[in-house]
């Protein structure tokens, strides 16, 4: 049976909230605001002629950042990249591209058009990621808005209204209405005045009414905020039917839907025009000649005065001797490469777990979602495919590329399937929202990051539990961030406390270069 | 080496099908991807729990690749590492398996470092008596009995596999006759403590 919240319990909740508010005094809260400094501008010492050789292991964005910055000040950089392309987990898939997933290699058969691409890895740039954005500006990368939350997109859950998809705006408008009505009822009770002054109570009630679109009696009776069932332009709009609160409570998806514009997806999101790998290209225009592809590192030996790296390319073994080494090889692959790192460093490499995000995409034969008032954004499904992303680019063109599934938390469900099983799963999941989906899409690609060659994982996972970083984890993290002998630096989003973002990779590279620079100046 | 590599490329490009002259600009691939997981020169990678291949007998490697390919290993839902491996082998052709075995054979055998803690090698020595019948006194392996070398293998891998045999996660497929033998024999180790003891003893052996 559902539990009723008594008035006393509610009062306790309110006073608890008051206590929290009291703790956040204006002064201290402002003091905690993050700094709004400009993106770090590297001001590095020019390379010393006697020690200017730099080895960069991995051509992901952290490695490219190092190559770009150090080349500017006269270092001789060599980048060893084990795969056939630069960018690491910045991976834009287009016509003819190889998806090098071990056990599931396939080529992308999308039509060969500029807007027919899929960002299988990095796909969004929050406007607060200023270091990455500074490089985009410096490297003349065209950016456009990425549409993330879209109120006309759908929400679908078998537990909600018999699985009938509803618009995001219906879910959120009605949920807010009912939540506000509950709150207004509680606030109207005389004894509730106590925690607030009259002015506060009036302001609060105004917020609540506005939040939930309540009528003059503080009741929620539906709202035009959810759009019109009919009319609304040349005739009076007809209000949509309300979905009962009890029905809305049958799905847990509100947790996702009511916080869509917060956290990392709170700022305006951007994407590179034509695919996220345009950022990679911006770097490789400057440092692409330094990359040796299909070069697999075999050993890394840190010495007193430099770093020796042996690697295999074209069927033979080579030696690269450098004064400094910046290494963005994923931690779980570095553990399989011979090295002489200190034990705590190795412990840290072994500690990090690898993420297993999964993405899939279809080519749509027509942009059927645009006929359904959807332009960009995400539909959410309570099934393993989880999300459908409608492209922000190519609006009103004939075809487009849809993200058919994105499991960022635990992609093992689809990873364990064959390519064909994955495709059928996404068709079957997607047609719960778009009934003719199966006939409207074609040319699938599936990308299980856990099995991508030379990668074998998605973003690094430092935390073993949700309650936060343990002391041991923080120690390992800081150990890994420090250089070995001042000569070898691990970099990449794996050496950050906020993995999975390009910004974190860029900042880890900048941290390492700044540290090297500081030591050289000392 | 280069020649073999190119040959492998051309063989595999042919195997994937649908690759014709008009698409020759497409990035070619081959099936020599073992070192991504199994580490530099196949010396094993604890980070992804992929065992040492360098020094593994060619007949044993072939049998396991064929077992994975035939869904005789790596199918039990609790066999986490086996499940990770099976899809890597599913699409291998006979030619690719031959090529991989040649390639693995070119790697120098270097014994793995001991990593496990908590085992008692003295107790393990007693337990190893049963293992020695097939795997040899020095855990050097015995081809005629189909028993691979154990000495020099990554100890964390041996522990995982013994646990899998004991729990029935490995060796339960009716076609896996050697696996069935192992399942019988591993019962003498009884539990995790027995497994740690015997593996810590194997760590003292060298081939």
Counting residues that are more than 30 Å from residue B:31 (Cβ to Cβ), which helices (runs of 4 or more DSSP H) fully inside the range A:412-483 reach at least 1?
A:419-430, A:437-440, A:471-481
Can you pull out the strands (runs of 3 or more DSSP E) entirely within the range A:324-384 that have at least 1 residues that are over 30 Å from residue A:252 (Cβ atoms)?
A:324-327, A:358-364
Search the range B:20-42 for residues being more than 7 Å from chain A (Cβ to nearest Cβ) and outside any helix (DSSP H, G or I), and hand back the single one that is surrounded by the most Cβ atoms within 10 Å (Cβ to Cβ).
B:31
Being on the phi > 0 side of the Ramachandran plot and buried (at least 19 other Cβ atoms within 10 Å of the Cβ) is the filter here, so list the residues in the range A:485-522 that pass it.
A:492, A:500
Quick one: in the range A:314-336, of everything that is in contact (Cβ under 8 Å) with a residue 60 or more places away in the chain and more than 22 Å from residue A:493 (Cα to Cα), which residue is surrounded by the most Cβ atoms within 10 Å (Cβ to Cβ)?
A:322
From A:298, A:339, residue being within 11 Å of chain B (Cβ to nearest Cβ), closer than 21 Å to residue A:86 by Cα, surrounded by fewer than 24 Cβ atoms within 10 Å (Cβ to Cβ) and touching a strand residue (DSSP E or B) at 6+ places or on another chain (Cβ under 8 Å)
A:298
Looking at A:284, A:280 in this structure, which one is out of contact with any strand residue (DSSP E or B) (no Cβ under 6 Å at 6 or more places or on another chain), more than 14 Å from every other protein chain (Cβ to nearest Cβ) and either under 28 Å from residue A:490 (Cβ atoms) or surrounded by 15 or more Cβ atoms within 10 Å (Cβ to Cβ) (or both)?
A:284
Against the condition on the phi < 0 side of the Ramachandran plot, crowded, with 16+ Cβ neighbours inside 10 Å and either assigned by TED's automatic domain parsing to the domain that holds residue A:381 or without any contact (Cβ under 8 Å) to a residue 40 or more places away in the chain (or both), how does residue A:206 come out, does it pass?
no
Name the residue that is farthest from the chain's Cα centre (by Cα), counting only residues in the range A:255-271 that are surrounded by 16 or more Cβ atoms within 10 Å (Cβ to Cβ) and not in a loop (DSSP other than H, G, I, E, B).
A:257
Taking residue B:172 as meeting all but one of (1) part of a loop (DSSP other than H, G, I, E, B); (2) under 22 Å from residue B:52 (Cβ atoms); (3) touching a residue at least 60 places away in the same chain (Cβ under 8 Å), write down the number of the exception.
(2)
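Yes or no, residue by residue, for (1) closer than 25 Å to residue B:37 by Cβ; (2) under 21 Å from the mean Cα position of the chain (by Cα):
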| site | (1), (2) |
| --- | --- |
| A:456 | yes, yes |
| A:461 | yes, yes |
| A:465 | no, yes |
| A:474 | no, no |
| A:478 | no, no |
| A:486 | no, no |
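The values are calculated or read from the model by the stated rules, or taken from the named source; none is laboratory data. Computed from a predicted structure; not experimentally measured. Cβ: placed from backbone, ideal geometry, glycine included. Neighbour counts: every protein chain shown.
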